[in-house]
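Undergrad: Got a structure for you, questions after.
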Amino acid sequence: MRTTTRRTHGVRRALTGALLAGLTLLTSAGAAVADDPSVSASPAGDEAGPTEAGTTFRTATALKPDQTGTAQASTGDYLYWVFPADAGQRPTVEATVKLPENAARRSTSTWQIDVYDGLRRRQACMYGHQTRKAAADAATVELSCVLRPVRAWSEPWANDPLPGSYYVRLTVVDLPADELGLPVGAEVRATVKEQGGAHDVDGALSEPLVPGVSVASAGDTGDAGASAAPRVPSAGEPENGWASGWWTDRWLWTVGGGVLAALAAVFGYSLTRGRGRPARVPQGV
């Protein structure tokens, strides 16, 4: 009887140890995949940003995440930049406009920053100062826009932000005509913050919303035997590719829940099974 009890306790300890070891290994593997630089684009904060801006969507200047772009322009110009944002990220755009000297200005001005996705749909800001007025004696005006987290997939009729290129447009929207054309300086910075599995959805886009991505995909399926040149990321695309795929930190919660359920089942079985045949009961009864 004591031998049977010892064996039972040994099996319990073995099962518990195996389950905990499996959970540890899976957690470590998940953290390694999440930290893999090939999964998400690395920030480029140390690199020098562009010193000019585009004037249309087609000529938008590419920005990398955490990179600052500058430009010299005139009041009334439309300035465009483009940066990539992937599923599970929440983009933030900040802009600073250096206004002309006070002697050249006599009126207040209103500046605005707009963000458009790869389909050129204007995306609403969760919070921030998207539009601001600058007094006649102001030296600078600062604007910001925090977008909603990017979703991996959405219904066609929805206006949810999706993986792909995001265009930033900066311009003055209210200024007397006689003050248009004065020189200004612009500084724009785009950052992305990982939001985790709380914003994951079932489904994914076949291709990110990047201009020309369908043409590039069609070219990749051409002559497979020919030696292909190294692929150069287009404007508004991460250097290491798009991270939208099978991995999400929800896998950790799923595996963890399964392990806890297995442990609970083993513990419940040990409680309901009892201690076997009492020693005082003879065999065969």
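The values are calculated or read from the model by the stated rules, or taken from the named source; none is laboratory data. Everything numeric in this text was worked out from a predicted model, so none of it was measured. Backbone-built Cβ (ideal geometry, glycine too); neighbour counts: all protein chains shown. These accessible areas exclude ligands, DNA and RNA; they are computed on the full protein's heavy atoms, side chains included. Shrake-Rupley method; radii C 1.70, N 1.55, O 1.52, S 1.80 Å.
Undergrad: Can you compute the FRET efficiency between Thr56 and Leu180 using 1/(1 + (r/R0)^6), with r the Cβ-Cβ distance and R0 = 25 Å? Round to the nearest 0.05.
TA: Working: r = 19 Å, r/R0 = 0.74.
Once rounded, the FRET efficiency stands at 0.85.
Undergrad: Also, quick follow-up: Starting from the Cα-Cα distance between Arg122 and Val266, subtract it from 0.36 nm times their residue separation and give me the gain in nm to one decimal. Working shown, then result.
TA: Working: separation 144, 0.36 × 144 = 51.84 nm, distance 5.38 nm.
Using 0.36 nm per residue and subtracting the Cα-Cα distance, I get 46.5 nm.
Undergrad: Would you mind estimating how fast the stretch 86-136 diffuses translationally, via Stokes-Einstein at 37 °C and 0.692 mPa s with the Kirkwood radius over Cα pairs, in µm²/s? Don't skip to the end; give the middle numbers.
TA: Numbers: Rh = 13.4 Å.
For the chosen part, D equals 244 µm²/s.
Undergrad: Once neighbouring chains are kept in place and the probe is 1.4 Å, which whole percent of the accessible area of the stretch 69-180 is contributed by carbon and sulfur? Before the final figure, lay out the partial values.
TA: Working: 2360 of 4920 Å².
Carbon-and-sulfur percentage of accessible area, whole number: 48.
Undergrad: Something else about it: Run down the lysines and flag those whose C-alpha is under 16 Å from the C-alpha of Lys193, throwing out any fewer than 8 positions away in its chain.
TA: Lys64
Undergrad: Could you give the length gained on full extension between Ser154 and Trp253, defined as 0.36 nm per residue of separation minus the Cα-Cα distance, in nm?
TA: On the way: separation 99, 0.36 × 99 = 35.64 nm, distance 2.33 nm.
Full extension from Ser154 to Trp253 adds 33.3 nm.
Undergrad: If you don't mind, another one. Counting only DSSP beta bridges with both residues in the stretch 42-177, what percent are antiparallel, rounded to the nearest 5?
TA: Values: 29 of 31 bridges.
So the antiparallel bridges in the stretch 42-177 amount to around 95 percent.
Undergrad: What order, most packed first, do the peptides 254-265, 56-67 have when packing is the mean number of other Cβ atoms within 10 Å of each residue? Please list the in-between numbers first.
TA: Numbers: 254-265: 13.3, 56-67: 18.2.
Top to bottom by mean Cβ count within 10 Å: 56-67, 254-265.
Undergrad: Per the Cauchy relation, a quarter of the hull surface: what is the mean projected area of the convex hull of the alpha carbons in the stretch 140-189, in nm²?
TA: Details: hull surface 22.5 nm².
So the mean shadow area of the Cα hull is 5.6 nm².
Undergrad: Could you work out how much longer the chain between Lys193 and Ala138 gets when fully extended? Use 0.36 nm per residue separation minus the Cα distance between them, nm to one decimal. Please list the in-between numbers first.
TA: Details: separation 55, 0.36 × 55 = 19.80 nm, distance 3.14 nm.
Difference between extended and current length: 16.7 nm.
Undergrad: Can you give me the convex hull volume of the Cα atoms of the stretch 92-182, divided per residue and expressed in Å³? Don't jump to the answer; show the numbers that get you there.
TA: Working: hull volume 8.8 nm³, N = 91.
Output value, Cα hull per residue: 97 Å³.
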